[in-house]
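Heads up: the structure comes next, in structure tokens.
The values are calculated or read from the model by the stated rules, or taken from the named source; none is laboratory data. The structure displayed is predicted, hence computed values, not measured ones. Don't worry about glycine lacking a Cβ; one is built from the backbone with ideal geometry, like all the others, and counts go over all protein chains shown. Surface areas here come from the heavy atoms of the whole protein model, side chains and all, with no ligands, DNA or RNA. Shrake-Rupley method; radii C 1.70, N 1.55, O 1.52, S 1.80 Å.
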Amino acid sequence: MIEKTLKTTEGKLRVKIPDQLNEVTLGQMMDLQQKPTLNDLEAISILSGISVDRLQNVCDINDFGVFNDPVVSLSHQIKHIYNSDAVPKKIAMEYCGIAKTVNVISNLSIEPAGAFMAAREIIAEEITEHIKQYGPDKWETFFNPSLKACCQVLAHYFFCRATGKKYNEYEAEEFCDEIRKLRVTEAIPVAKHFFLAYPNLSRRKTNCFRQFRQFWKKRQAYSHLKNLSISTP
């Protein structure tokens, strides 16, 4: 982290921003990604957690110069954010103000069933969008899932492990707020695994109830024909 106390029209303001990618949270990265045309104050605001309005009250704009190199360095590191393949074995999380270390299961199986189905839908929608943009033959070449989609998949994956609760789709979606607090260097490798190792999750499978209904219709039709043949003299 790099920090400096700046003089403002209201007094003094302590500003602290990360200068290494492993100090940046997934939420900060998501906010940076949503604003591709950031100005300097907006970038410092996201990285420091201090509103732009407060930063605008700094007396001397040159005081922000100390943050220029760290911001530029982070911008270069961000370009390689999806390159890491090292999946962490444990992740430090927080739930209801209580710090907790959560094990990352080695096979990264998505469970329970509700979490699996939710993750499948998220992955399917993300891949579908890339296929629309790049075509069915080239989408994998350009595929980098959005950080929002990564956050959503991780929320469903970690919800039960982190909270100890039974799976609930709506509560799992709200758990995105906690996932945003994860270090981006931990969150992305886990999320990346789901999108690359489970591409079959994007293939919509025939609903089992629909299969049963089709089977039952065929059975009813067969029984009807059989009864007709029996009743025929």
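Side notes on the structure shown:
- Residue list for region 144-183, filter: in a helix (DSSP H, G or I), touching a Leu at 6+ places or on another chain (Cβ under 9 Å) and either farther than 22 Å from GLU125 by Cβ or not hydrophobic (A, V, I, L, M, F, W, C) (or both): TYR157
- Residue, most open to solvent (accessible area, probe 1.4 Å), within region 129-162, restricted to residues that are over 16 Å from HIS193 (Cβ atoms) and among the aromatic types (Phe, Trp, Tyr): PHE142
- Long-range neighbours under 8 Å by Cβ, at least six apart or interchain, first residue farther than 21 Å from ILE110 by Cβ and modelled with pLDDT of 80 or more within region 129-150, second open to solvent by less than 100 Å² (accessible area, probe 1.4 Å) and part of a helix (DSSP H, G or I): ILE131/TRP139; GLN133/TRP139
- Among the residues of region 83-104, some residue qualifies, meaning at least one is in a helix (DSSP H, G or I), within 30 Å of GLU42 (Cβ to Cβ) and either among the aliphatic types (A, V, I, L, M) or open to solvent by 20 Å² or more (accessible area, probe 1.4 Å) (or both).
- In region 24-36, the residue that is nearest to GLY49 (Cα to Cα) out of those that are open to solvent by less than 60 Å² (accessible area, probe 1.4 Å) and in a helix (DSSP H, G or I) is GLN28.
- Residue match in region 54-66 (condition: in a helix (DSSP H, G or I), over 22 Å from ALA187 (Cα atoms) and β-branched (Val, Ile, Thr)): yes
- Verdict on LYS12 being open to solvent by 70 Å² or more (accessible area, probe 1.4 Å), closer than 30 Å to THR141 by Cα and without any contact (Cβ under 8 Å) to a residue 24 or more places away in the chain: no
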